[in-house]
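Have a look at the structure below, then the notes.
Read the figures in this text as sums done on the coordinates, not as results from a lab. Predicted, not measured: the structure shown is a model, and the values here were computed from it. All Cβ positions, even for glycine, are placed from backbone atoms using ideal geometry, and neighbour counts span all protein chains on display.
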Amino acid sequence: MLNNFSMDFFSLKEKIAFVTGGNTGLGEAYVVAFAKAGADLFIVTYDNNWEETKKLVENEGGKAYFYQANLTDREQIRKSVIECVKIYGRIDILVNNAGTIRRAPLLEYKDNDWKDVLDINLNAVYYLSQDVAKIMEKQGSGKIINIASMLSFQGGKFVPAYTASKHAVAGITKSFANELASKNIQVNAIAPGYVKTLNTAPIRADEKRNKEILDRIPANRWAEPFDLMGSIIFLASKASDYVNGHILAVDGGWLIR
């Protein structure tokens, strides 16, 4: 039985990966990782700024279809899933990567900022996961990967909506896993640590805050998007078929300090 294990378990050849927000930051890193592993891609973006990502995928010999949608709109979410199935015939992997953040002191936090963050970071994750899970159930298999955060475990400052949404993402990851595991659908999440992206640029520009963060990370550096690519492939592949409801921290040791 042990000899049946193969490095092919990490291959995503002939798999279809549906990735939201896949044209920037960590989303782009996930997309390139999937292309390297052999998957074809359906990438949902808010804007049409995807030429760089398209070239990166094509350089790996991959195929990508880009679909512009507003994920705060329930009907557009539904149509994006229908379009993916129309083009590829199936969905093997869903990565709920699209997200947003609004920073302000709690006592000054605006109602529309709370709503906007929850709509993208939580509601879209729920609706997409539900719609895609129905397809995966018919297929008899599937992988749903949510993007959690260090603020799935901690409170943070000046980001109440983001913190609430990422705690909730961890919760619905476990909830979906409980119901879908018996259908051969694995539901897990990655919780990135502090990564060099546009979202974290304001923090890195704050010399005091940047030092506080680095002093707590045992690896003594911010992550690069590159550091998340192996984790996404593992959770999307056959190698993780018995991993379910897990929140995988990729944080350089932040949580253990």
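If you count the DSSP beta bridges with both ends in the chain, what percent of them are antiparallel, to the nearest 5? Kindly include the intermediate steps, with their values, before the conclusion.
Details: 0 of 28 bridges.
Within the chain, antiparallel bridges account for around 0 percent of the total.
LYS157 to GLU224: FRET efficiency via 1/(1 + (r/R0)^6), r the Cβ-Cβ distance, R0 25 Å, to the nearest 0.05?
It comes out at approximately 0.50.
Over 20 Å between C-alpha atoms is what I'm after, so list which of LYS166/LYS208; LYS15/LYS54; LYS36/LYS63; LYS15/LYS183; LYS110/LYS208; LYS79/LYS166 land there.
Details: LYS166/LYS208 25 Å; LYS15/LYS54 18 Å; LYS36/LYS63 11 Å; LYS15/LYS183 18 Å; LYS110/LYS208 26 Å; LYS79/LYS166 25 Å.
From the list (LYS166/LYS208; LYS15/LYS54; LYS36/LYS63; LYS15/LYS183; LYS110/LYS208; LYS79/LYS166), the Cα-Cα distance tops 20 Å for LYS166/LYS208; LYS110/LYS208; LYS79/LYS166.
Between HIS246 and LEU106, what is the label-point separation in nm under the 7 Å Cα-to-beta-carbon projection?
In this crude label model, LEU106 to HIS246 measures out at 3.4 nm.
Please order GLU60, GLU28, GLU75 by the number of other Cβ within 10 Å, starting at the fewest.
GLU75, GLU60, GLU28
How would you rank SER231, SER165, SER6, going from fewest to most other Cβ atoms within 10 Å of each one's own Cβ?
Working: SER231 20, SER165 26, SER6 10.
In increasing order of surrounding Cβ atoms, one gets SER6, SER231, SER165.
For the chain, divide the Cα radius of gyration by the Kirkwood radius and give the resulting Rg/Rh value with two decimals. Kindly include the intermediate steps, with their values, before the conclusion.
Numbers: Rg = 17.8 Å, Rh = 18.6 Å.
Ratio of gyration radius to Kirkwood radius for the chain: 0.96.
Using the basic label-point model (7 angstrom from Cα toward the beta carbon), what is the LEU2 to TRP114 distance in nanometres?
Here the answer is 5.6 nm between the modelled labels.
By count of other Cβ within 10 Å, fewest leading, how are TYR242, TYR46, TYR162 ordered? Before the final figure, lay out the partial values.
Details: TYR242 7, TYR46 17, TYR162 23.
Ordered by Cβ neighbours within 10 Å, fewest first: TYR242, TYR46, TYR162.
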